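Heads up: the structure comes next, in structure tokens.
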Amino acid sequence: MTEPIQIIGVQGLPLIKKGDDVAALICDRVPLGEGDIICIASTIYSKAKGYTRPLSEITPSERAIRLGALNGEDPRFVQAVLDASTDIIMEHPFILSELSFGHIGVRAGVDQSNIEDGMVIFLPPDPMKSADEVRGRIREITGKNTGIIITDTCGRSFRRGQTGNAIGWSGMQAIRDFRGDTDLFGHVLKITEEAVVDEIAGFSNFVMGESNNGVPAVVFRGCPKWTGHDNLYFSGEEDITRRVLKKEWS
């Protein structure tokens, strides 16, 4: 019989500042067990690592000024988005762009929430490496082998509302691959691939909240193991939506 899954919001974390040891702060507040999966909001990891920038230090380019006027945004903020992007997929009514690690997001994930006025915060430049680092630090502190998911909040095509997505993970595979298995009627599954890291990230976002809850990390205990692969992002040729948008805006 499958054991129940426990979900524990990490309470009492301080406002994170540059230099803080996020892994140690979590370990101080929740006794972690073998096989636990810890979801960590990218915001607190980025703040701890100093992936932030004052708007006052950003000089907007001509493109940033044009897009700022087009979209009704501060051109300095737009410049931060352009700096974080490797490819602009759509310019209006908002900037949709690709980041160096393959994630595609609105405004490159650059944010002005949960940070001091006049500052912007960036996603970690290599979230997979970030997840590995946090996992190793937790193992160093506790001796436990855990999984780590770095999350970010993203909108969705065709539906209203934001959900949590995984942008980096360690200690698990992103996709549970059912291809080759059979369903209840013996039919062979040919295309079913479950994005487990996104499902866990999505529920962690429900626990974290989107305003002033102050719960930027969530522990999942008792999740069953799965096998699959890490090819979470479509390649350029596979991504039909991206190809259509690029054709529209090129």
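Before moving on, here are some points about what is shown:
- The strands (runs of 3 or more DSSP E) found entirely in the stretch 137-250 that carry 3 or more residues being polar (S, T, N, Q) and within 30 Å of residue 32 (Cβ to Cβ) are 159-170.
- Considering only residues in the stretch 137-196 that are more than 26 Å from residue 98 (Cα to Cα) and basic (Lys, Arg), the one that is most open to solvent (accessible area, probe 1.4 Å) turns out to be 190.
- Search result, residues across the stretch 114-132 that are open to solvent by 60 Å² or more (accessible area, probe 1.4 Å) and in contact (Cβ under 8 Å) with a residue 24 or more places away in the chain: 114, 125, 126, 128, 129, 132
- The set of residues in the stretch 36-68 being open to solvent by less than 30 Å² (accessible area, probe 1.4 Å) and of a type in the set (Phe, Trp, Tyr) consists of 45 alone.
- For the stretch 81-98, a residue qualifies if it is open to solvent by 10 Å² or more (accessible area, probe 1.4 Å) and not in a helix (DSSP H, G or I), and the qualifying residues are 85, 86, 87, 88, 90, 91, 92, 93, 94, 96, 98.
- Test: residue in the stretch 107-114 that is more than 16 Å from residue 23 (Cα to Cα) and acidic (Asp, Glu): yes
- The listed residues are 15, 25, and the only one of them that is at pLDDT below 95 and closer than 29 Å to residue 112 by Cβ turns out to be 15.
- Candidate set from the stretch 197-238 (those that are within 26 Å of residue 102 (Cβ to Cβ) and modelled with pLDDT under 85); member that is least open to solvent (accessible area, probe 1.4 Å): 236
- The stretch 195-250, residues that are among the small types (Gly, Ala, Ser) and under 30 Å from residue 16 (Cα atoms): 195, 201, 202, 204, 209, 211, 214, 217, 222
- Applying the set (1) touching a strand residue (DSSP E or B) at 6+ places or on another chain (Cβ under 7 Å); (2) closer than 26 Å to residue 57 by Cα; (3) open to solvent by less than 10 Å² (accessible area, probe 1.4 Å) to residue 78 leaves exactly one unmet item: (1).
The values are calculated or read from the model by the stated rules, or taken from the named source; none is laboratory data. All figures in this text were calculated on a predicted structure; none of them were measured in a lab. Positions of Cβ are generated from backbone atoms using ideal geometry, with glycine treated the same way; all protein chains shown enter the neighbour counts. Heads up: the accessible areas ignore ligands, DNA and RNA and are worked out on the full protein's heavy atoms, side chains in. Shrake-Rupley method; radii C 1.70, N 1.55, O 1.52, S 1.80 Å.
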